[in-house]
1. How many residues, within the stretch 335-371, are within 18 Å of F185 (Cβ to Cβ) and in a loop (DSSP other than H, G, I, E, B)?
2. Looking only at the stretch 43-69, which residues are out of contact with any helix residue (DSSP H, G or I) (no Cβ under 7 Å at 6 or more places or on another chain), over 13 Å from I33 (Cβ atoms) and buried (at least 23 other Cβ atoms within 10 Å of the Cβ)?
3. For the condition under 26 Å from G400 (Cα atoms) and either outside any helix (DSSP H, G or I) or hydroxyl-bearing (S, T, Y) (or both), what is the one hit in I78, I95?
4. Just to be sure before I move on: is F302 outside the structural domain of D272 (by TED's automatic domain parsing) and closer than 23 Å to R280 by Cβ in the structure I sent?
5. Could you tell me whether the stretch 205-218 includes any residue that is touching a Cys at 6+ places or on another chain (Cβ under 9 Å) and more than 25 Å from L17 (Cα to Cα)?
6. F332: in the same structural domain as Y270 (by TED's automatic domain parsing) and in a loop (DSSP other than H, G, I, E, B), yes or no?
7. Only one of (1) in contact (Cβ under 8 Å) with a residue 40 or more places away in the chain; (2) farther than 29 Å from C236 by Cβ fails for K317. Which number is that?
8. Considering (1) of a type outside the set (S, T, Y); (2) closer than 30 Å to L192 by Cα; (3) in contact with a strand residue (DSSP E or B) (Cβ under 6 Å, 6 or more places away or on another chain), say which one V153 fails and leave the rest.
Amino acid sequence: MDLKSNEPFWLVKNGLLNTYPSLKENARCDVLIVGGGITGSLIAHQCVADGYDTILIDKREIANGSSSATTSMLQYEIDMPLYLLTKMIGEKGAIASYKSCSEAIDQLKELTDSIKSDAGFNKKKSLYFSAKQKDTEGLEQELKARKNAGFDVKWLEAHEILKTYAIDNTYGGILSEQGASIDAFKFVHEILIHNQKKGLRVFDKTELTGTKAGKRSNEAVLNTGAIIRCKKIIYCVGYESATMIKGKFVDLISTYATVSEVEPKASKKYNDLLIWNTDRPYIYMRTTDDARLLIGGEDEHFATPQKRDALLDQKEKQLTRSFEKYLPHIQFIPDFAWTGTFGQTKDGLPYIGEHKDFKNAYFVLGFGGNGITFSVTGMQMVSNWLKDKTHLLTPYFAFGR
């Protein structure tokens, strides 16, 4: 293959999985979901399950945004360590946030089973290792915090990591039993097809250009000239929310990733493991379901798509060197490299909830490295709110927190 592109691996690997029309005629629904990525598809699934007449729109083709670029490492570990998050928001909110991500992995497994998904969901362990000697003290504090919260974790010394996983140049780390991976691009299409059969209406190349809010409903104006009248709008637009919402509430970050050629023998040892470290920015590694090795990281603050993409060759080389540093016994031959943009918050938590400037609406913005698991949590949060029920995590994920 040997491609270097801002077109993500998953998009090229899967090809055209399904086609959807644009919306050219006026329509009505209970819930309008804006955004056809992994978040929007999950929220749509919940709304259909709850009996709401639901429409989903996306200005691009379905799943061609961040969901095609994600490396889909499903972790309960939030970018902000538990012991530090506890200091920021208190023990109750910190543990609840971590546990919601852990439960989300199991919920996602149930969902993939229920729709007979072929998107390669695999449960995995997660190894979080210290990249520098000075990071070890903080990692040991994190181990204690997770144990006290009831998570299934244990400490591995550097020599144990080397012996068990042949990962070199570490200073010990935390091994967690909970983790998983999936092909998010493929899963988005699967879940939308599943729900189309239950009445979900899906339209791509259909852009929301304006809204008019009434007391109990909205009129959504589209680039096609059509209008959707709906009771609620749920925005699942990821980092593009930064252009919609006034004020600075998220940092935009570009991340880079590369996958190797197909290596069945070399990748087999790591098929059941997610790997990441304490570097800032951290690197992360996993295998794919077609026996490739993947490494990502080398994050940069986002400036423009052009500047982001111009760094791709340089970042691919740096990621390859990092791979060889930690797994020197494997020759990493890059086969495909790509880059994507995501949002990063000060506390590692998402923004899920209402915003004062958007009437009759909710946002589900799964920022950070836990975007998919946060979105699964968002399913229940939205379900509760549409039924006028509360949710424990509402104040911790709220705007203006």
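1. Summing the residues that are within 18 Å of F185 (Cβ to Cβ) and in a loop (DSSP other than H, G, I, E, B) in the stretch 335-371 gives 1.
2. Across the stretch 43-69, the qualifying residue is only A69.
3. That would be I78, the only listed residue that is under 26 Å from G400 (Cα atoms) and either outside any helix (DSSP H, G or I) or hydroxyl-bearing (S, T, Y) (or both).
4. Working: outside the structural domain of D272 (by TED's automatic domain parsing): no; closer than 23 Å to R280 by Cβ: yes.
In short, no.
5. Looking through the stretch 205-218, at least one residue is touching a Cys at 6+ places or on another chain (Cβ under 9 Å) and more than 25 Å from L17 (Cα to Cα).
6. Yes, satisfied.
7. (1) is the only condition that K317 fails.
8. Of the numbered conditions (1) of a type outside the set (S, T, Y); (2) closer than 30 Å to L192 by Cα; (3) in contact with a strand residue (DSSP E or B) (Cβ under 6 Å, 6 or more places away or on another chain), the odd one out for V153 is (2).
The values are calculated or read from the model by the stated rules, or taken from the named source; none is laboratory data. Source: prediction; values computed, not measured. Neighbour counts run over all protein chains shown; Cβ positions are idealised from the backbone, glycine included.
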